[in-house]
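Reading through the structure tokens given below for one structure.
The values are calculated or read from the model by the stated rules, or taken from the named source; none is laboratory data. Because the structure is predicted, anything quoted here is derived from the model rather than measured. When we count neighbours, we look across all protein chains shown, and the Cβ atoms used for this are built from the backbone with ideal geometry, even at glycine.
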Amino acid sequence: MTSDAMSESPPGPRPDPAKAPDEAGWTAAVRNRVEQTLPLTELLPTKQPAYIGSWVYSFGVICIAALVWVVVSGVVLAFFGSAWWHISAVGHFFNSVHFWSVQMFFIFLVLHLWGQYWGAGWRDGRATTWMVGVVIFLVSVVTAFTGYLIQQNFDSQWIAINAKDGINSTGLGGLFNVLNFGQQYGLHVMLFPIAVTLLVVLHIIQVRSRGVVRPIDDPMPASDSAGALR
Amino acid sequence: MNEPAPYLHWGFILISLPNLVLIGVMVLLFIVALFAPFPGHKRISGHTDDE
């Protein structure tokens, strides 16, 4: 091989000379996209619109707080196991924290849903934010259902036996077997919590990238066109 | 508490008393949230947007 052959440029598209060398490639494209759609000033704002000074706008963040407690207490329960949460006093406490934080999560999830439904929270380019919220709700219901199935008590057995016929009637009984404790436990402590958490992170990013939706009776200024990223 | 909850039945509607009470509390909480003053909320003069 001659030195001329070694100095030839590699095959493929030539880099754009207008761009700096470190601005080429998918990493720079992703970075630029993130900087445009979600600058840090939008992700961690110091000022908020005046109209969010209402308790109705607190329901979503209360859901997040409840979810944190759900995950923390769930991690503790996973470490010590069902014998511990049924027998020991501390286990009972963490079991109760897990249960009641889930109740709080769903109560404020529904209140958040009411607030966004009657406030038409999908307006001005926020339809996907609403859709992701709906998916979070549905995945959360299935996650809670698997939680009821793995309590390891008569309640969970009663639910599983009755649910077996119901799930079988949908045709999913072979794949999603409510009588299979190992399967339901794995889904409840791994797959579904990860799904809920990632969807909530996506939901928050969507809310922060477009800002909190204006009240219906608060007209949008002409400079802020519908669907535009702020 | 170690017994089935009382159920209320009107026509096709069948609901346990605890669930009905919870729904009532949630509706009440939502109404309160609409009208209760929000603490620590300062309006910046002439500033109604987050820009």
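For the stretch A:146-159, what are the residues that are within 29 Å of the chain's Cα centre (by Cα) and under 17 Å from A:S82 (Cα atoms)? Give the derivation first.
First pass over the stretch A:146-159, keeping only residues within 29 Å of the chain's Cα centre (by Cα): A:146-152, A:155-156, A:159.
Correct list: A:T146, A:G147, A:Y148, A:L149, A:I150, A:Q151, A:Q152, A:D155, A:S156.
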Quiz item: Is the stretch A:164-176 home to any residue that is touching a residue at least 24 places away in the same chain (Cβ under 8 Å) and either closer than 12 Å to A:T146 by Cβ or crowded, with 16+ Cβ neighbours inside 10 Å (or both)?
Solution: no
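May I ask you to verify whether A:L111 is over 29 Å from A:R208 (Cβ atoms) and surrounded by 19 or more Cβ atoms within 10 Å (Cβ to Cβ)?
Details: over 29 Å from A:R208 (Cβ atoms): no; surrounded by 19 or more Cβ atoms within 10 Å (Cβ to Cβ): yes.
Answer is no for this residue.
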Quiz prompt | Filtered residue count, the stretch A:65-91, keeping only those that are in contact with a helix residue (DSSP H, G or I) (Cβ under 7 Å, 6 or more places away or on another chain) and of a type outside the set (G, A, S) | solution = 9
Self-check item: Unmet criterion (only one of (1) surrounded by 11 or more Cβ atoms within 10 Å (Cβ to Cβ); (2) out of contact with any helix residue (DSSP H, G or I) (no Cβ under 7 Å at 6 or more places or on another chain); (3) modelled with pLDDT under 95) for B:I23
Solution: (3)
Quiz prompt | Residue that is nearest to the chain's Cα centre (by Cα), among those in the stretch A:89-137 that are closer than 21 Å to A:W55 by Cα and aliphatic (A, V, I, L, M) | solution = A:L109
Exercise. Would you check if there is a residue in the stretch A:42-56 being without any contact (Cβ under 8 Å) to a residue 24 or more places away in the chain and in contact with a Leu (Cβ under 9 Å, 6 or more places away or on another chain)?
Key: yes
Quiz item: Any idea how many residues of the stretch B:1-39 are within 25 Å of A:H112 (Cβ to Cβ) and in a helix (DSSP H, G or I)?
Solution: 18
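In the stretch A:18-108, which helices (runs of 4 or more DSSP H) lie fully inside it and hold 2 or more residues that are at pLDDT 95 or above and crowded, with 16+ Cβ neighbours inside 10 Å?
A:59-87
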